[in-house]
Number of protein chains: 2
Amino acid sequence: MKQADENSAKRRRRVTAQDVADAAGVSRSAVSRAFTKGAYLDAEKRENIHKIAADLGYKPNALAASLQGSRSQLVAMFVGEMRNEYDKEVAAKMIAGLNAAHHWPVVIGGSGDAAREAVDRVLSYPLDALILRSGSLDADIVEKCAKLNIPMISSGRLLEAPNVDNVCCNNADGMIAATRYLVGQGRRKFGYIGGPEGYFSTPQRRHGVAAGLAENGLALVAEEAGDYTADSGYRAAEQLLSSGVAMDALICANDAMAFGALSALADHDISVPDDMSVIGFDDIAMAKWPAFRLTTVRNPMDLLVDTVIDLLDRRLANATRPAETIFLATELILRETH
Amino acid sequence: MKQADENSAKRRRRVTAQDVADAAGVSRSAVSRAFTKGAYLDAEKRENIHKIAADLGYKPNALAASLQGSRSQLVAMFVGEMRNEYDKEVAAKMIAGLNAAHHWPVVIGGSGDAAREAVDRVLSYPLDALILRSGSLDADIVEKCAKLNIPMISSGRLLEAPNVDNVCCNNADGMIAATRYLVGQGRRKFGYIGGPEGYFSTPQRRHGVAAGLAENGLALVAEEAGDYTADSGYRAAEQLLSSGVAMDALICANDAMAFGALSALADHDISVPDDMSVIGFDDIAMAKWPAFRLTTVRNPMDLLVDTVIDLLDRRLANATRPAETIFLATELILRETH
DNA sequence: TGGTTTTGTGCACACGTGTTCACATACAAG
DNA sequence: CTTGTATGTGAACACGTGTGCACAAAACCA
């Protein structure tokens, strides 16, 4: 009776070190030591404990262990809305990279109040760090993390604060290089499809294009703004074409909008690259698909992931290291639309 | 001196309920009560504690609280390699859905040994559940979870085990509907680009196409296999075209491969849909991009996410509920490639 | 044999929380 | 004044783990 009660009660519970200890006829300490590398325990007994533990399906509860003061290995990652393909691609790579480095990402998405509340709630876990990847969040998150002693790494935009490391693609330089190249190819009448307000990259990329043109005594002849989706790129291109302004080059603030623009140009029987050069930004996987073969500015995603994880590991190794801001170099990828 | 030591030591630690209690001049119990809904505490004192807590940046440690026996709210989600766009899209939606339902997904990606090891490690956290989304994992994960009392929900493929809920798109029916429709449109010579071996959906979709043709006394005239990426679709289509077999319809096991196939057809000046119908499967966001406007079979992602979360919540509410397997109906989406 | 070192293990504490229990205070009723 | 009843609140325990400390047993040496 009592036995049955105990069994049914245990059925609901997670197997605990005490259960293994009872089964093996040793103390709970011995079980703990059997799973702690470098701890002092008779080899034979350790093996026996491991065997019984495997049999019972025991795993030390990482959270209870983290109460001891060690790291939880949990890392929160805020990814914004993941509406465009670049964000999804980076998120996927980041998850893989964190896994490989034995950090476990608790992923938060969305925008606005819901996102703010979600991040707030997730801060109640003992996180090793918070990674901001795209999306915009209230600035007071920085203060909250500082008080909770949770290091932050921002990779979508620059967050100027002590204890916040930043990784950032050199947006302006990338656009300058693209513009220079097209000018060198003889293009003169540049149109531009920019990003939405509120994104960190929007003014930077816009500025890069303007600077690249200015150093050749040129300026944009036409301009529209999209929201970084392919649909908005299509609409923006339609708008530019219907305005009647003559263009021979169209620079887009990201690849997805460039794809949309390419479709609009095709619908208008404008040949690319004969009549018009099109250049994107990011070099997402799709850019090299046969349907697009897009000339674009590479936003180095793999390097971004590696850099973020490197900063994270170094931050965990040394909490007082001064915050760093790292800029990543872009690269012009020539395919078939320039 | 002692004061300074204490301060610098505390600087490293997370703010704790005891710290707030000291600052507020109450017991730690009072602080805990101040943050526990429905607990008994003087209203004025509760307000004061909240104020001081906000000032210090205190948040109850969710993990320490979960030791009490309550749920951790952590949910592991295995997402496979996330190589194709469908997987990324579903993962993004699932993350958003879980967040909205106040579950916090610890996301694991990858494949092979690394993935197996990562999932194994993540099981050391006190998870409320494990969601399998795509990808393939050793079958012994089911047994491990059973022993650890972690409920599982599989959505990529059917996992026949007690305590594993399944959500699955009705692959065969979707393909039957697509095939029937094309036959009704007068198509007779069907080619097929299938998925890679090892995926749960591969034989089901293949079977659906065969069944749809068989009921009209037809059979496939040509067939190739890809790996669910656009590139592989392009190569497979090239292969089919170079074989010289005449076709008037090409069914692809997913949208990404259909995109690749469309490019190959364009390169060969084969007009879609005049000379050839092309149908995909999934209806990912890109399918309606102006560049593709792909006719396809909708794999209902939003419904998938809702269903998984519903199953999760019901499982948490009732651990002994018998495992369910839910099939989701597909829908033929007619655009411009049929 | 007696003393000293090595080897192995259990006890007890700490981590941060929620909650039960007992106790103190205040106040109303008899 | 005594008794009974609300109303708050602190002390103590439990959750599952890692580890310092003490202690026992065994091995070694003289």
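Quick grid of which residues meet (1) within 12 Å of another protein chain (Cβ to nearest Cβ); (2) farther than 21 Å from B:Met175 by Cα:
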| site | (1), (2) |
| --- | --- |
| B:Met247 | no, no |
| B:Ala253 | no, no |
| B:Ala258 | yes, no |
| B:Asp267 | yes, yes |
| B:Ser277 | no, no |
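Is it the case that the stretch B:38-54 has a residue that's open to solvent by less than 60 Å² (accessible area, probe 1.4 Å), within 15 Å of DNA strand D (Cβ to nearest atom) and within 13 Å of chain A (Cβ to nearest Cβ)?
Yes; the residues of the stretch B:38-54 include at least one that is open to solvent by less than 60 Å² (accessible area, probe 1.4 Å), within 15 Å of DNA strand D (Cβ to nearest atom) and within 13 Å of chain A (Cβ to nearest Cβ).
With the condition kept exactly as written, say whether any residue in the stretch B:120-127 is in a loop (DSSP other than H, G, I, E, B), surrounded by fewer than 23 Cβ atoms within 10 Å (Cβ to Cβ) and touching a Gly at 6+ places or on another chain (Cβ under 8 Å).
Checked against the condition, which is being in a loop (DSSP other than H, G, I, E, B), surrounded by fewer than 23 Cβ atoms within 10 Å (Cβ to Cβ) and touching a Gly at 6+ places or on another chain (Cβ under 8 Å), the stretch B:120-127 yields no hits at all.
Take the residues of the stretch B:80-102 that are in a loop (DSSP other than H, G, I, E, B) and within 15 Å of A:Ala118 (Cβ to Cβ): which is nearest to the other protein chains (Cβ to nearest Cβ)?
Narrowing the stretch B:80-102 to residues in a loop (DSSP other than H, G, I, E, B): B:80-84, B:101-102.
Checking which are within 15 Å of A:Ala118 (Cβ to Cβ) leaves us with B:101-102.
Numbers: B:Ala101: 11, B:His102: 7 Å.
This residue is B:His102.
Restricting the search to the stretch A:66-75, which residues are without any contact (Cβ under 8 Å) to a residue 60 or more places away in the chain and either among the acidic types (Asp, Glu) or more than 8 Å from chain B (Cβ to nearest Cβ) (or both)? Break it down stepwise before answering.
Within the stretch A:66-75, the subset without any contact (Cβ under 8 Å) to a residue 60 or more places away in the chain is A:67-70, A:72-74.
A:Gln68, A:Gly69, A:Ser70, A:Gln73, listed by residue number.
Results for (1) in contact with a strand residue (DSSP E or B) (Cβ under 8 Å, 6 or more places away or on another chain); (2) closer than 18 Å to B:Ile309 by Cβ, shown as yes or no for each residue.
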| site | (1), (2) |
| --- | --- |
| B:Glu47 | no, no |
| B:His50 | no, no |
| B:Ser72 | no, yes |
| B:Ala76 | yes, yes |
| B:Val90 | no, yes |
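Would you confirm, using the coordinates I've provided, whether B:Leu240 is more than 19 Å from B:Val297 (Cβ to Cβ) and hydrophobic (A, V, I, L, M, F, W, C)?
Yes: the conditions hold for B:Leu240.
Is one or more of the residues making up the stretch A:308-319 within 14 Å of chain B (Cβ to nearest Cβ), more than 19 Å from the chain's Cα centre (by Cα) and assigned to a loop (DSSP other than H, G, I, E, B)?
There is at least one residue in the stretch A:308-319 that is within 14 Å of chain B (Cβ to nearest Cβ), more than 19 Å from the chain's Cα centre (by Cα) and assigned to a loop (DSSP other than H, G, I, E, B).
May I ask you to say which residue of A:Gly174, A:Gly156 is at pLDDT below 95 and touching a Ser or Thr at 6+ places or on another chain (Cβ under 6 Å)? Let's see the steps before the verdict.
Numbers: A:Gly174 fails: at pLDDT below 95.
Answer to the check: A:Gly156.
Do we have any residue at all in the stretch A:75-92 that's open to solvent by 60 Å² or more (accessible area, probe 1.4 Å), at pLDDT below 95 and within 16 Å of DNA strand C (Cβ to nearest atom)?
Here is the first cut: in the stretch A:75-92, the residues open to solvent by 60 Å² or more (accessible area, probe 1.4 Å) are A:81, A:83.
Narrowing further to those that are at pLDDT below 95: A:81, A:83.
Applying the additional criterion that residues be within 16 Å of DNA strand C (Cβ to nearest atom) yields none.
No, the stretch A:75-92 contains no residue that is open to solvent by 60 Å² or more (accessible area, probe 1.4 Å), at pLDDT below 95 and within 16 Å of DNA strand C (Cβ to nearest atom).
Of all residues in the stretch B:103-115 being more than 7 Å from chain A (Cβ to nearest Cβ), more than 11 Å from B:Ala76 (Cβ to Cβ) and touching a residue at least 24 places away in the same chain (Cβ under 8 Å), which is most open to solvent (accessible area, probe 1.4 Å)?
B:Ser111
Can you report the number of residues in the stretch A:23-58 which are touching a residue at least 12 places away in the same chain (Cβ under 8 Å), more than 8 Å from DNA strand C (Cβ to nearest atom) and under 29 Å from A:Leu127 (Cα atoms)?
6
With respect to B:Ala62, determine if the residue is within 16 Å of DNA strand D (Cβ to nearest atom) and either open to solvent by less than 50 Å² (accessible area, probe 1.4 Å) or more than 7 Å from chain A (Cβ to nearest Cβ) (or both). Before the answer, list the steps.
On the way: within 16 Å of DNA strand D (Cβ to nearest atom): yes; either open to solvent by less than 50 Å² (accessible area, probe 1.4 Å) or more than 7 Å from chain A (Cβ to nearest Cβ) (or both): yes.
Criteria met by B:Ala62.
The values are calculated or read from the model by the stated rules, or taken from the named source; none is laboratory data. In this text the structure is predicted, and so the values were computed from the model without any measurement. A quick note on method: Cβ atoms are made from the backbone with ideal geometry, for glycine too, and the neighbour counts reach across all protein chains shown. To get the accessible areas, we keep the full protein, side chains included, count just its heavy atoms, and leave off ligands, DNA and RNA. Shrake-Rupley method; radii C 1.70, N 1.55, O 1.52, S 1.80 Å.
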